[in-house]
Amino acid sequence: MLKAPIPRLDLDAELRNMLTPFCRLKPGDIWEDKSSGHKVGCVNSYASGEIDHLMGNKKAVLAVHDPPYNFVAFDELEIDEFILNCKAWIKSTYDVLAENGSLYVWLGADQKNHFQPLPQFMMMMMNSGFSSKSFITMRNQRGYGTQKNWMAIRQELLYYTKGKPIFNIEAEYTDIPKVLKGYYKTVGNQVTSNMERSKSENIRAGNVWIDIQQTFYRMEENINGCFAQKPLKSCDRIIKAGSNKGDLVIDFFAHSGATLLSAEINERICYTCDIDPVFCEIAIRRLERYRETGQTGWQNSNPFYEEITKDDNIKAYLMNNHQIEY
Ligand SMILES: C[S@@+](CC[C@H](N)C(=O)[O-])C[C@H]1O[C@@H](n2cnc3c(N)ncnc32)[C@H](O)[C@@H]1O
């Protein structure tokens, strides 16, 4: 099995600069896939003009956004500045969503700092035009063990709506078998438990998702260098519930292209963008690799393996700065 480690690209601007010449998009460019209609833009999603450029005059039915969380990974901003940025891309989202559309936002909450930016984001959303619909928690497996606090294993996912969008309830069953009896109700003079009443063997997805494996290096969909990638299973769940085949889905923070690939697999069209040409290139290569091989990621290799092995500068950089040998 190919082993090609690469450090977290979000934390290594120098390495990203070294990889940029291998990327087909530069800032402002938009890649359009003629066969499917997907688009990937090298675009700053905080700038409404750039989003308009990406969208043309198209409206989407579903937005799935995963912005930087303002802690740990990526740059940390003053909270007011962070929220101002959020306000900008939320407004663009509202404008480019159809009359009836859904918005999902992945977000974090810094427990060492009053759970920022989650409460500030929720407050900002009160004047956004969107209605709040659900507050989903996905259980992450990769927690940091500690004797001094509860292990942090949650990932927040906020669900908002504009108008009255579709919600495909049949897509909402998990593969978790029913194990708990209870919730008794009288039906036709007979007291029945939830197990007897329900038609499905499995439980419906509520707003606590415990059946989704966090992406890590033993999974095929893993991409070395991408630290923030969301599991395809979570993207599939959102896309199936919030859109139909052929619908347009948007994601303003592409990174590994998880929403893009899920849209491809589920026969939706996706317009996505990232401010960084390296992540745009990764998203496009991931889609192309899936079409060529059926594989959903690079597992413990990375999208730039071929280029890195031929480039002495990058090899020396990885050796000197990360003790990684190619
Ligand atoms: C948390 S990651 C998204 C992860 C993604 N959902 C996935 O599964 O791979 C955030 C991404 O947003 C990008 N980003 C940060 N600021 C941006 C901006 N102003 N416009 C567009 N993308 C931005 C970063 O480069 C990063 O790739």
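For this structure, a couple of remarks:
- GNM flexibility winner over the chain from D175, D251, D211 (Cα, springs under 10 Å): D175
- Cut-off under 5 Å, modelled amide H: who pairs with A60 long-range: L97, A98
- Net charge in the neighbourhood of C280 (other residues with Cβ under 10 Å of its Cβ; Lys, Arg +1, Asp, Glu -1) is -1.
- Sites matching trypsin sites (Lys or Arg not before Pro) across the range 10-81 that sit in DSSP coil, with at most 16 neighbouring C-beta atoms within 10 Å: R24, K34, K58, K59
- Counting only residues at least eight positions apart within a chain, or on another chain, the aspartates and glutamates with an alpha carbon under 19 Å from that of K199 are E170, E172, D175.
- Candidates P231, P21, P177, ranked by Gaussian network fluctuation over the chain, Cα under 10 Å, top entry: P177
- In the chain, helices alone account for a calculated mean residue ellipticity at 222 nm of -8500 deg cm²/dmol, with every DSSP H run of four or more residues adding -39,500 (n - 2.57).
- For the range 35-88, the alpha carbon positions stretch 40, 21, 20 Å along the principal axes, listed from largest to smallest.
- In a simple Cβ point-charge model (Lys, Arg +1; Asp, Glu -1; nothing else charged), the chain has a dipole of about 1360 debye relative to its Cα centre.
- Residue by residue, the range 175-190 carries 3J(HN,Hα) couplings of 9, 8, x, 6, 10, 9, 7, x, 6, 6, 8, 8, 10, x, 6, 10 Hz when phi is fed to the Karplus relation 6.51 cos²θ - 1.76 cosθ + 1.60 (θ = phi - 60°); x denotes Gly or Pro.
- Lysines with Cα under 29 Å of K310, excluding same-chain neighbours fewer than 8 positions away: K3, K26
- The range 1-67 and the range 128-185: distance between their alpha carbon centers, rounded to Å: 27
- Result for the chain in a Gaussian network model with C-alpha springs under 10 Å: among G294, G246, G257, the largest mean-square fluctuation is at G294.
- Cα-Cα P(r), the range 127-226, percent of pairs per 10 Å interval: 12, 27, 32, 23, 6, 1
- Nearest-0.05 FRET efficiency for T309 and E220, computed from C-beta distance (R0 22 Å): 0.55
- Alpha-carbon spread of the range 160-287, three principal axes, descending order, Å: 64, 38, 22
- Antiparallel content of DSSP bridges confined to the chain, in %, to 5: 60
- Paramagnetic reach from K178 in the range 195-231 [backbone N under 20 Å; point 7 Å along Cα→Cβ]: 195-211
- Hz values of 3J(HN,Hα) by residue in the range 207-219 - Karplus curve (6.51, -1.76, 1.60), Gly and Pro given as x: 9, 10, 9, 10, 10, 10, 6, 5, 5, 8, 5, 8, 9
- Alpha-carbon Debye profile of the chain, log10 I(q)/I(0) at 0.06, 0.09, 0.11 Å⁻¹: -0.22, -0.50, -0.74
None of the figures in this text is laboratory data; all of them are computed from the coordinates on show. As the structure is a prediction and not an experimental result, all values here were calculated from the model. Cβ atoms come from the backbone with ideal geometry, glycine included; neighbour counts cover every protein chain shown.
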